[in-house]
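To keep things clear, I will list the structure first and then write my remarks on it.
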Amino acid sequence: MAAFGAVIAFSSPGDLLRLPAGDSLPGSDAWNRAEIPAVSQVTARDGAPLTYRLYPARADRAVVLVHGSSGTSFSMHKLAQALQAAGATVYSVSLRGHGGSGTTNGDSSYLGQLDDDLVDFVQAERLSDTKIHRTLMGFSSGGGFVLRTASGPNRALFDDYIAIAPYIAHDSPTGRPASGGWTRVAVPRIVALSILDGFGLPWFQDLPVVRFATAAKADDRRTPVYSFRLATGMHLDRDWRAAIGRIDRPTAVIVGADDELFQADRYTALFAGLNPRISVEVVPGLGHMDMIAQARACAAVAALWRRLAGD
């Protein structure tokens, strides 16, 4: 027991050097900040704020857009604009623990709280109206959250799903070691906390388990460290292969061929083997962050959304 406790206490994610391929938005220095919508918020069931930016267009076409690891709604600006131009009303959200959502940067209050927050957001914005075509779209870790939702009990919240360069799992063939240098993970602590959780003991789940290769400090724009319960709540279940296999709503994956964090050439075979109903598109000449910031990538994502939505 002493050794088990020591693993929990002392196995923490260490520091690492900044990785520009995961931390830099191409062209963001030239963005017209006046075009970025102000932050709005709704209230979750626990009374905490859930923040988002609204890009209005067609009332009958809604996209809930989810950022990647350490990011916020701000980082999704160019993609949100492209989707808006294609006709979607875009709700670019900041997940709890990011961008002023929730109560603590990098943490949630319990496992599965992000799932509950998504339900609360859809209800607060009255997106459950059957006249509205609803798409959940996410990037990187947000893409993993999209697949988690599409395979889980809340799958009926949306008509279809798009995962952009999604994080699948630590043992997925699409992964690179340490996500190409973007993450440092406290694996012994994760294993120990998972064992405790398996016994129904949600102890110490606020402890940090993942650190990202960014020099940014924790604030309303960045989240450099994740707790166990936040990291776990963003991703597919441990049996992620079975989870992907049971996705039954229209779902698509799109990734840049030159992705530095994940192995883009392995997505097609992975999804063909697990769930051939899920389409995979690999866009040549684009890296990881390009997929949410470069005009050609944003146009490709918007075109994919229009096909999936039947427009």
#### Entry: Fraction of beta bridges assigned by DSSP in the stretch 183-311 that are antiparallel (%, nearest 5)
55
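How much FRET efficiency would the formula 1/(1 + (r/R0)^6) give for residue 34 and residue 9, where r is the Cβ-Cβ distance and R0 is 45 Å, rounded to 0.05? Write out the running numbers ahead of the final one.
Values: r = 48 Å, r/R0 = 1.07.
Plugging the Cβ-Cβ distance into 1/(1 + (r/R0)^6) gives 0.40.
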### Message
Whole-Hz ³J(HN,Hα) for each residue in the stretch 204-214, computed from phi via Karplus 6.51 cos²θ - 1.76 cosθ + 1.60 with θ = phi - 60°, x for glycine and proline: what do you get?
### Response
6, 6, 7, 5, x, 10, 9, 10, 9, 7, 10
#### Entry: Helical contribution to [θ] at 222 nm, DSSP H n ≥ 4, -39,500 (n - 2.57), averaged over the chain, rounded to 500
-9000 deg cm²/dmol
### Task
Under a 10 Å cutoff between Cα atoms, tell me which one of 157, 83, 261 has the largest fluctuation in the Gaussian network model of the chain.
157
### Task
Sort the stretch 1-150 into rounded, prolate or oblate with this rule: let a ≥ b ≥ c be the square roots of the eigenvalues of the Cα gyration tensor; rounded if a/c is under 1.5, and if a/c is not under 1.5, prolate when a/b is larger than b/c, oblate otherwise.
oblate
### Query
Once label points are set 7 Å from the Cα along Cα→Cβ at both residue 54 and residue 41, what is their separation, rounded to one decimal in nm?
1.6
#### Entry: Surrounding net charge for residue 17, when Lys and Arg each add one and Asp and Glu each subtract one, Cβ distance under 11 Å
0
### Summary
If one builds a Gaussian network model of the chain from Cα atoms under 10 Å apart, the most fluctuating residue listed among 141, 69, 128 is 128
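Counting only DSSP beta bridges with both residues in the chain, tell me the antiparallel percent, nearest 5. Intermediate values should be presented prior to the final figure.
On the way: 15 of 40 bridges.
If we restrict to bridges inside the chain, about 40 percent are antiparallel.
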### Query
Which one of 199, 158, 145 has the biggest mean-square fluctuation once the chain is modelled by GNM with Cα springs under 10 Å?
199
### Summary
The answer for residue 44, listing residues at least 5 apart or on another chain whose modeled amide H is closer than 5 Å to its amide H, is 50
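Mind giving me the FRET efficiency for residue 306 and residue 266? R0 is 25 Å, r the Cβ-Cβ distance, nearest 0.05 is fine. Walk me through the intermediate numbers first.
Numbers: r = 27 Å, r/R0 = 1.07.
Rounded to the nearest 0.05, the efficiency is 0.40.
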### Task
Provide the per-residue ³J(HN,Hα) series for the stretch 134-142, in order, calculated from phi with Karplus coefficients 6.51, -1.76, 1.60 and θ = phi - 60°, each as a whole number of Hz, with x at glycine and proline positions.
10, 10, 9, 10, x, 10, 6, 4, x
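Order 73-79, 262-268 from most to least packed using the mean count of other Cβ atoms within 10 Å. Let's see the in-between values first.
Values: 73-79: 25.4, 262-268: 18.9.
Order by mean packing, descending: 73-79, 262-268.
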### Message
Which of rounded, prolate or oblate describes the chain when judged by the alpha-carbon gyration tensor and an a/c cut-off of 1.5?
### Response
rounded
#### Entry: Rough spin-label spacing in nm, given labels placed 7 Å along Cα→Cβ, for residue 18 and residue 132
3.8
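FYI, it's all coordinate maths here, none of it is from the lab. Everything numeric in this text was worked out from a predicted model, so none of it was measured. Counting neighbours? That spans all protein chains shown, and the Cβs are built from the backbone with ideal geometry, glycine included.
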